[in-house]
Amino acid sequence: DQQVKQNSPSLSVQEGRISILNCDYTNSMFDYFLWYKKYPAEGPTFLISISSIKDKNEDGRFTVFLNKSAKHLSLHIVPSQPGDSAVYFCAASVGAGNMLTFGGGTRLMVKP
Amino acid sequence: ETGVTQTPRHLVMGMTNKKSLKCEQHLGHNAMYWYKQSAKKPLELMFVYSLEERVENNSVPSRFSPECPNSSHLFLHLHTLQPEDSALYLCASSQDLASGRGETQYFGPGTRLLVL
């Protein structure tokens, strides 16, 4: 049973518009959430994270929102750029440490 | 070379073959990980090593055998694999197992494995 789910396998957005990627989780013990970005032929790279004590974290064009009651988080990219085209993975962990549970990924395509 | 490297990048093997995947990290990290990414599935954590000791084995079949001879190198030995083992195998490293949060995990580019 998948504890972290990304229900949209792909998303297409026009350059300059907002991209919203969604992630749901079932394990209420998760208390830290991360987004990774993966280009073809490369490994995933860390993008942004959020602790369960917060509901929002912002880093430049990237903002992650956490709704603990709904067990839902989202990644907003504003404005979207063609270079943002990649697969985005949501991940979660329990407590300190680096044991991550990943979602299946969402492929984002930003069209010029 | 910098970061985390993996060789080979692509591998095709028969079900009776024995092969090994290699991972090397040049970051001075103490923890290393093997992940499997099958088509349309999430990344699955397979093995975790901390200071060359295996600390996690997520019910991985014995046809996958990890080896960590030192903190910079991690191998995944493969034997009598099945076609359903075809996947992208990713290696990652972090400073320590519990040094902080997931952002300290650095991934290699992966080995694309096809089992015929």
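When the scattering of region A:1-50 is computed by the Debye formula from its Cα atoms alone, each counted once and equally, what is log10 I(q)/I(0) at q = 0.31, 0.32 Å⁻¹?
Computed log10 I(q)/I(0) values: -1.25, -1.24.
Computed over the Cα atoms, what is the radius of gyration of region B:1-99 divided by 2.2 N^0.38 Å, N being its residue count?
On the way: Rg = 13.1 Å, N = 99, 2.2 N^0.38 = 12.6 Å.
Taking the Cα Rg and dividing by 2.2 N^0.38 Å, one obtains 1.04.
Using Cα pairs closer than 8 Å and at least 6 residues apart in sequence, work out the relative contact order for chain B, in percent. Working shown, then result.
Details: 290 pairs, mean separation 42.1, N = 116.
With pairs under 8 Å counted, the relative contact order is 36 percent.
Suppose every K and R has +1 on its Cβ and every D and E has -1 on its Cβ; what is the size of the dipole of chain B about the Cα centre, in Debye to the nearest 20?
Details: 11 positive and 11 negative charges, 98 e Å.
Rounded to the nearest 20 debye, it is 460 debye.
Would you mind getting the Kirkwood hydrodynamic radius of chain A from its Cα pairs, rounded to one decimal in Å? Show your work: numbers first, answer last.
On the way: mean 1/r = 0.0716 Å⁻¹.
About 14.0 Å, per the Kirkwood formula over Cα pairs.
Given the alpha-carbon gyration tensor of region B:27-77, what are the semi-axes of its equivalent ellipsoid in whole angstrom, ordered largest first, with each equal to the square root of 5 times an eigenvalue?
They are 20, 12, 9 Å, listed from largest to smallest.
With each pseudo-label sitting 7 Å past Cα toward Cβ, what's the A:Arg17-A:Met109 distance in nm, one decimal?
1.3 nm
Explain nothing, just the number: relative contact order of region A:4-112, from Cα pairs under 8 Å at least 6 residues apart, as a whole percent.
Numbers: 268 pairs, mean separation 41.2, N = 109.
After rounding, I find 38 percent.
Under the definition of Cα pairs under 8 Å and six or more residues apart, what whole-number percent is the relative contact order of region B:1-47? Kindly include the intermediate steps, with their values, before the conclusion.
Values: 42 pairs, mean separation 15.3, N = 47.
Result for region B:1-47 is 33 percent.
Assuming a viscosity of 0.692 mPa s and a temperature of 37 °C, what translational diffusion coefficient in µm² per second does Stokes-Einstein assign to the protein assembly as shown, Rh being the Kirkwood radius over Cα pairs? Please report the intermediate quantities before stating the final value.
Details: Rh = 18.1 Å.
After rounding, the answer is 182 µm²/s.
If you count, for every residue in B:75-83, the Cβ atoms of partner chains within 10 Å of its Cβ, what is the mean? Display every interim value, and only then the final one.
Working: counts 0, 0, 0, 0, 0, 0, 0, 0, 0.
Counting Cβ atoms of other protein chains within 10 Å of each residue's Cβ and averaging gives 0.
Could you work out the mean count of beta carbons from other protein chains within 10 Å of each residue's beta carbon in B:25-35? Each step should come with its number before you reach the end.
Numbers: counts 0, 0, 0, 0, 0, 0, 2, 0, 3, 0, 4.
Mean inter-chain Cβ contacts per residue within 10 Å come to 1.
So which of A:Lys71/B:Lys40; A:Lys54/B:Lys41; A:Lys37/B:Lys40; A:Lys111/B:Lys22 end up more than 26 Å apart by C-alpha? Kindly include the intermediate steps, with their values, before the conclusion.
Values: A:Lys71/B:Lys40 22 Å; A:Lys54/B:Lys41 29 Å; A:Lys37/B:Lys40 16 Å; A:Lys111/B:Lys22 37 Å.
Violating the 26 Å Cα-Cα cut-off are A:Lys54/B:Lys41; A:Lys111/B:Lys22.
Spit out the partnerless Cys residues in chain B, using Cβ distances under 4.7 Å as the pairing rule.
B:Cys68, each lacking another Cys Cβ under 4.7 Å.
Within straight cross-link reach of A:Lys68, meaning Cα distance under 15 Å, which aspartates and glutamates are found once same-chain residues fewer than 8 apart are removed?
Correct list for A:Lys68: A:Asp24, A:Asp31, A:Asp55.
For region B:45-116, what are Rg and Dmax over the alpha carbons, in angstrom?
According to the Cα coordinates of region B:45-116, Rg and Dmax are 13.0, 40 Å.
Name the trypsin sites (Lys or Arg not before Pro) in region A:1-54 that are in a loop by DSSP and that have at most 14 other C-beta atoms within 10 Å, would you? Each step should come with its number before you reach the end.
Working: sites: A:Lys5, A:Arg17, A:Lys37, A:Lys38, A:Lys54; in loops: A:Arg17, A:Lys54.
Listed in order of number, the matching sites are A:Arg17, A:Lys54.
Treating only the Cβ atoms of Lys and Arg (+1) and Asp and Glu (-1) as charged, compute the dipole magnitude of the protein assembly as shown about its Cα centre; round to the nearest 20 debye.
Working: 22 positive and 20 negative charges, 130 e Å.
Its charge dipole is roughly 620 debye.
Quick note: the coordinates plus some simple rules give every number you see, no bench work behind them. None of the values given here were measured: they were computed from a predicted structure. We place every Cβ from the backbone using ideal geometry, glycine too, and count neighbours over all the protein chains shown.
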